[in-house]
Amino acid sequence: MAAKRDFYEVLSVGREASAADVKKSFRSLAMKYHPDKNPGDAEAEAKFKEVAEAYEVLSDDQKRQMYDRYGHDGLRGAGMNSGFQSTDDVFVHFSDLFGDLFGMGGRGGRRGARRGADLEYPLTIEFLDAAKGCEKEIQVPKHARCDVCSGSGAAAGSSPVSCTTCRGAGEVIQAQMFLRIRTTCPSCGGRGKVVRDPCNSCEGSGRARISETLKVTIPAGVDTGMQLRLHGKGDAGDAGAPPGDLYITLQVAEHAQFRRDGPNVMSTFAMGYAQACLGAEVMVPTVDGEEKIVIERGTPSGKVATLRGRGLPVLNGRGRGDHYVQLVVAVPTTLAPKEEELVRQLAGLQDSKVKERGILDEIWEKIKPSAP
């Protein structure tokens, strides 16, 4: 399989190009390589699909950010796979845009059955699920094809009939002065057919409201705002038209110990004063469980220890980030009498001035509740 070209190169725009510039270039190239202008030209058809794929990514802010940061691998890793199998897929996906460019449906023919609507589903996952990847089961409310009429919208024993207004073309031609303008047929909405005897179950719509159970595989390393696309899992389209897609928008919950910066993880570990002075080996939590780190003798509070490769997986599948552990000295709020005595002795050895023990401190020691 040949490597994909850079999307900015495909559309002949710079990486700082505005959304308007991206759209303008796409419209120009789409007209240049349009199949109806290049009948039987396989190379032109391939370029037509290529510019459509590039535009699909660069016209979407989230996909464009992911592509700018991680390239083609990043899109695949985040479940944002792009690309079209056929030119018909392109026309369906950009039906409104091609309608503006070339007339109804983008190919000079009738608009026909409409593709189903895309749906969005918000999904919140735990931090560690995002770190390791997981599988979730979701319930998606949507419109599906009516089982009673098989999506035709017509009652049993009947079928949709050709629209008498447009005679099945899906569009009508209106004359204005010396212009002849094609518009969507007002009687059939561009379908070319109408239902005379509607199905009782779906009232002629051909669709029924359901709740579909889906299993979603979430790759390791995802972050808040990323989307997963499930092809064909959106609303059902008109009879004969494909369904829309389902976009799952992820929200990663905050963690009590871990924070993230891209693929890197950060946390804080409270070390004792003695450990900071004398050094120690301690176990710290990571996304993969506990890991040992060495606190060097004389470690100052705030020093950061690095655990290489113990962060989050990079979405393109190449390596992992690091885990940064900030070491801070834990200062106790209360001291046992023996502990206080030793601390005062240390202060004396270091010639450090400390607050003298007062009468209120002694009274408190006598009346304070004992530990359970």
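The values are calculated or read from the model by the stated rules, or taken from the named source; none is laboratory data. As the structure is a prediction and not an experimental result, all values here were calculated from the model. Cβ: placed from backbone, ideal geometry, glycine included. Neighbour counts: every protein chain shown.
Quick grid of which residues meet (1) of a type in the set (S, T, N, Q); (2) surrounded by fewer than 21 Cβ atoms within 10 Å (Cβ to Cβ); (3) closer than 15 Å to residue 76 by Cα; (4) within 23 Å of the chain's Cα centre (by Cα):
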| position | (1), (2), (3), (4) |
| --- | --- |
| 205 | yes, yes, no, no |
| 215 | no, yes, no, yes |
| 226 | no, no, yes, yes |
| 229 | no, yes, yes, yes |
| 247 | no, yes, yes, yes |
| 255 | no, yes, no, yes |
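Kindly indicate which of 224, 213, 249 is outside any loop (DSSP other than H, G, I, E, B), under 28 Å from residue 323 (Cα atoms) and not assigned by TED's automatic domain parsing to the domain that holds residue 343.
249
So which of 133, 103 ends up being out of contact with any Leu (no Cβ under 8 Å at 6 or more places or on another chain), at pLDDT 90 or above and at positive phi?
The unique qualifying residue is 133.
Go through segment 155-170 and count every residue that is more than 12 Å from residue 195 (Cβ to Cβ) and among the hydroxyl-bearing types (Ser, Thr, Tyr).
Adding up the residues that qualify gives 2.
(1) assigned to a helix (DSSP H, G or I); (2) over 30 Å from residue 225 (Cβ atoms); (3) among the charged types (D, E, K, R): which one isn't true of residue 167, the others all being true?
Failing condition for residue 167: (1).
Tell me which of these residue 345 doesn't satisfy, since it passes every other one: (1) free of Cβ contacts under 8 Å to residues at least 12 places away in the same chain; (2) surrounded by 11 or more Cβ atoms within 10 Å (Cβ to Cβ); (3) not hydrophobic (A, V, I, L, M, F, W, C).
The one condition residue 345 does not meet is (2).
Going through 56, 16, 45, 50 one at a time, which residue ends up being outside any helix (DSSP H, G or I), in the same structural domain as residue 71 (by TED's automatic domain parsing) and under 31 Å from the mean Cα position of the chain (by Cα)?
Unique residue meeting the criteria: 16.
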